[in-house]
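The values are calculated or read from the model by the stated rules, or taken from the named source; none is laboratory data. Because the structure is predicted, anything quoted here is derived from the model rather than measured. Every residue, glycine as well, gets a Cβ built from its backbone with ideal geometry; the counts of neighbours run over all protein chains shown. The accessibility values were calculated without ligands, DNA or RNA, using every heavy atom of the protein model including side chains. Shrake-Rupley method; radii C 1.70, N 1.55, O 1.52, S 1.80 Å.
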Amino acid sequence: MQQDERNVGYRPLPQAVRGSTSVRGRTPFSYLGSTVGGSMSRIQAWADVVHRVKNRLSKWKMKMLSIGGRLTLLKSVLGSMPIFHMSIFKAPLGVLRSLESIRSHFFNGHPLDSNKASWVNWKSVLASKDKGGLGVSSLYALNRALLFKWIWRFYTHDSSLWVRVIKAIYGDDGNMDTLVNTGYTSCWMSIVQEVNNLASKGIDLRGCLCFKLGNGEKVRFWDQRWLEGGTLKMRFPRIYALELCKDITVASKIIHPSLDSSFRRSPRGGVEQHQFQNLCMLMNDVCLLPRADRWTWKMSGSGDFSVASVRQLIDDKILPEAHKTRWVRYVPIKVNVIAWKVKSDSLPTRFNISRRGGGMCLMGSSIRMSSGWLG
């Protein structure tokens with residue numbers, strides 16, 4: 001009748017979890033600072049992240065710091081606080097707008113409940129210095145870059161446990177080219193859907209992935225993008241239809257005496273013959289090397305993936321472009337920022353105020369604007 005209480009396998013479930021600190025039957029809950037079990041596609045699920053960012057921005061920090069100090073704090077702290085959640089979940093646009101509003105108010109030195117006019121175009125602040133901005137970068141680009149890092153890991157860490165689980169559920173290609181229906185989607189399919197949405201907007205991140213051919217033993221000849229111009233099954237669909245072994249590797253295909261050795265029949269005239277000749281000409285330049293195959297990232301010279309390169313690629317597509325910002329390292333940051341404001345016409349001059357409807361009031365008053373007031 002008596003059971004060994006130390007053996008959890010023989011204990012009833014309520015007794016086994018009685019000493020646990022987790023609350024049973026209630027989701028979502030917080031684990032190691034991250035929300036588990038909730039729908040992160042809802043704005044309410046990100047309320048804790050927005051609240052923490054607001055609490056970090058105390059008024060004394062904003063008042064005591066110069067504009068150069070606020071810019072430094074903006075880049076180092078506020079841009080990295082929500083990074084844990086953004087590395088896993090797609091942030092709703094409403095949440096991103098709220099966080100960008102908080103950052104914009106802090107940069108301008110305005111309280112969050114203030115309705116003061118902002119003379120700086122926030123998108124220009126987010127743009128890189130090469131594009132005429134201050135290089136803050138948008139949280140939209142940060143979130144999407146962190147999500148795409150999972151796609152990079154899916155290709156490069158194919159022996160990891162989580163990759164094998166994804167392949168077991170969605171197939172060897174991770175269901176990358178499948179259109180996702182609207183509504184609830186899994187975390188992985190949400191990432192795939194967002195990458196495809198970016199591609200439809202002209203930001204083809206998967207196109208920046210390239211397989212650097214080595215011995216060709218791990219590269220699938222038809223399915224994987226190991227040559228410029230996309231996969232071979234998309235470039236030569238009529239020849240791909242003749243292939244008997246759809247998963248044949250590059251090494252197995254090259255060692256054959258002819259490329260049509262694994263076809264169910266020889267290519268006939270017309271389109272088939274034309275595509276087969278182009279494929280043969282393309283394969284004449286392929287040379288196998290005595291090293292392992294590996295994925296490379298086109299946006300870096302070393303071929304290694306970086307979130308910063310993806311952020312810059314997205315920002316350059318969605319943010320406005322102007323003349324390159326001149327940044328002098330040997331002068332204080334606040335001087336560089338003021339010079340940038342002057343160049344971008346982001347100061348409350350008489351003309352700018354008149355454009356916002358305040359010109360008549362100023363012309364009728366005896367107040368004279370001075371350069372000291374503009375500073």
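Some points to look at:
- Loop-located chymotrypsin sites (Phe, Trp or Tyr not before Pro) in segment 151-245 (DSSP state other than H, G, I, E, B) with a sparse environment of at most 10 neighbouring Cβ atoms within 10 Å: 184.
- Taking 0.36 nm per residue of separation and subtracting the current Cα-Cα distance, fully stretching the chain between residue 212 and residue 81 would add 43.6 nm.
- Computed over segment 94-247, the quotient of the alpha carbon radius of gyration and 2.2 N^0.38 Å is 1.40.
- Intensity falloff of segment 236-316 expressed as log10 I(q)/I(0), Debye formula with alpha-carbon point scatterers, at q = 0.16 Å⁻¹: -0.76
- Applying the criteria of a DSSP loop state and at most 14 other Cβ atoms within 10 Å to the trypsin sites (Lys or Arg not before Pro) of segment 273-363 yields 291, 298, 324, 326, 329, 356.
- By accessible area with a 1.4 Å probe, ligands and nucleic acids excluded, highest first: order of 208, 287: 287, 208
- Classification of segment 226-271 by its C-alpha gyration tensor yields an oblate form. The axis ratio a/c (a ≥ b ≥ c) is 1.5 or more, and b/c is at least a/b.
- Using a cut-off of 31 Å between Cα atoms, the listed pairs 129/149; 131/218; 54/334 include 131/218 as exceeding that distance.
- Using a probe of 1.4 Å on the protein chains alone, the accessible area found for residue 67 is around 20 Å².
- Pairwise centroid distance, computed over Cα atoms, of segment 325-348 with segment 288-316, Å: 33 Å
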